[in-house]
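Bear in mind that the values in this text are calculations on the coordinates, not laboratory data. All of these numbers come straight from a predicted model, not from anything done at the bench. Neighbour counts are summed over all protein chains in view; Cβ atoms, including those assigned to glycine, are modelled from backbone coordinates with ideal geometry.
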Amino acid sequence: MDTVLSDKLLSMEKDNCILADELKKSASVKDYSYLVKDNVWTEAIQSAINENQIVIIPQSSEPYIIDNSIIVPSDRKIVAYGATIRMKEGMDVLMMRNEHIIDETRSKAADPFRDENISICGCTFEECFNSRLGYGKSGKIDEKRSMYGISCCLLFNNVRHLNVTDVTFRNCAGFAVQTGELYDAVFRHIRFENCFADGLHIGGNAENILISDIKGNVGDDLVALNMYDWQNSAVTFGPGENILCEDLELDSGGRYKAIRLEPGIYEYPDGTKVDCYLKNVLFRRVKGIRTFKLYYQTPPYFIGQSPEKGEVGNAYNIVFEDMDIDLARPIDTFEEYMKSDETRGNCAAFEICSNVDGLYLDNVRLTLHRDVFPMSGLIEVGPKSIVRNGKEVFDPYLSATAENIYLKNVTVNGKTILNPGEYIKEIVFDDVDCDGHSSGRGIVKNIKVEK
């Protein structure tokens, strides 16, 4: 499955490059310098993009300052090697987006005017922040925050054929890149410098996505495949299929050494439900990550109250290949994890509370430190529970089944796994919060081990 998937996505990358090469009319943004006022290039860059298919932003020792979002229509290629686009201090909207964005939080209604064929090459996008500010405080869609779930530097929403290559993000307070309704896209040679939230935040309805050579320092997930997500950080909900993530590396100083894959069932206000599943996903050659989080999670809720609507999601054919994982400590540092609480203190390299059919671990080398964290393991299946200040952080009422788990050349502390039961655990809660609403369990079926 992995070879077929990777070949398909690499072919798709070539097709995206061909589309970009077909663009003809070009100009340098310097041709529009007469529109620059008080050293602000917003109008000059926007006019160049409006009037030309290919826009060159020349190398410069000085940044190109913008004070509002740049809007990119279909059939555009921006080439900006050696150039930095920097937001003006005080700007709180996102820096760049495509033209025909859509909001699917209340209903599924794709825009018939889907943008196509957008390519951005060789630019540094620089915000002016030194911490994560939180939703609604940076990276907004507009000053009114008319789309509640947007918080990013760049937004690609309702796009087919996207190519983002050789791009660096610096000092981003929200997601560096946020996407949704994205088809046939390539993200290659991306760097994050001192960013404070997710690097690539891939949202619902994503198909044929190649993510390759992604490195740097972020405050949350280096790459997040959140087909379902909380309403303050998503505007599209739906499946993700055929996604290849390779050669990812989180800096040693990265503040959160995890990657999330989040399927779920999203419920619209009228009661209609959408299955935000993941299918045919391959992660290979990943460094600096301790835990892959494959579980549905709602926002924290007070004990005795109901969590946000939604249900456990589904995942099919999920592959993790050729990686070293050192679970030096639990990814979440709640006391229950750090002190290995017998009920709530389990942690693992792969934490699952989704219905998974087909989980493949191939050439995975895990280091555990059970002398310090005896509840740690390779895979855990089932709910999680931590209570803080009267609120449940996770969802202990949820149940999930992981079946058809294949382990090939998987080692723990240098020894090949022969008895997977020692390292794969089913989590079971029996009214753990004493609220009549916290008795979920995990079920594991059909484990196959190969040397």
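See the values below:
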quantity	calculated
Contour minus Cα-Cα distance for residue 232 and residue 37 (0.36 nm per residue)	66.7 nm
Counted charge near residue 40, where neighbours are those whose Cβ lies closer than 9 Å (Asp, Glu -1; Lys, Arg +1)	-1
Residue-by-residue Karplus 3J(HN,Hα) for the range 29-40, coefficients 6.51, -1.76, 1.60, Hz, glycine and proline x	5, 5, 5, 10, 5, 5, 8, 6, 10, 6, 6, 9
Folded to 0 to 90 degrees: helix 42-51 orientation relative to the chain principal axis, Cα	80 degrees
Partners for residue 384 among lysines (Cα-Cα distance below 21 Å; same-chain residues under 8 apart left out)	257, 293, 309, 339, 425, 445
Förster radius 45 Å - calculated FRET efficiency between residue 411 and residue 391, Cβ distance, rounded to 0.05	0.70
Relative exposure of 11, 151, 438, 28, judged by other C-beta atoms within 10 Å (fewest first)	11, 28, 438, 151
Within-15-Å neighbourhood charge of residue 275 [Cβ basis; K, R +1; D, E -1]	-4
Cross-link reach list, lysines versus residue 24, counting only Cα pairs under 25 Å and skipping chain neighbours closer than eight places	14, 77
Other-chain or far-sequence residues with amide H under 5 Å of residue 325's (modelled H)	365, 366, 367
Rough spin-label spacing in nm, given labels placed 7 Å along Cα→Cβ, for residue 342 and residue 404	3.8 nm
Helix 2-21 vs. the chain, principal-axis angle (Cα, 0 to 90°, nearest 10)	10 degrees
Computed lengthening from residue 443 to residue 142, 0.36 nm per intervening residue step minus Cα-Cα distance	103.9 nm
Approximate spin-label separation residue 113-residue 371, in nm, with each point projected 7 Å along Cα-to-Cβ	6.5 nm
The chain, helix-only ellipticity at 222 nm - DSSP H runs n ≥ 4, -39,500 (n - 2.57), divided by all residues, nearest 500	-2500 deg cm²/dmol
Phi to ³J(HN,Hα) by Karplus 6.51 cos²θ - 1.76 cosθ + 1.60 over the range 340-353, Hz, x for Gly, Pro	6, 4, 5, 9, 10, x, 6, 8, 7, 5, 10, 9, 10, 9
Extension reserve of the residue 275-residue 324 stretch, reckoned as 0.36 nm per residue once the Cα distance is removed	14.4 nm
Sorted peptide list for 276-285, 293-302, criterion being average Cβ within 10 angstrom, highest first	276-285, 293-302
Hits among aspartates and glutamates - C-alpha to C-alpha of residue 448 under 19 Å, sequence gap 8 or more where chains match	2, 321, 322, 351, 357, 362, 380, 403, 422, 426
Footprinting exposure proxy for 89, 126 (fewest neighbouring C-beta atoms within 10 Å first)	89, 126
Phi to ³J(HN,Hα) by Karplus 6.51 cos²θ - 1.76 cosθ + 1.60 over the range 59-65, Hz, x for Gly, Pro	4, 7, 6, 9, x, 8, 7
Which of 157, 278, 42, positive extreme of dipole for the chain (C-beta unit charges)	42
Compactness of the chain as Cα Rg over 2.2 N^0.38 Å, two decimals	0.99
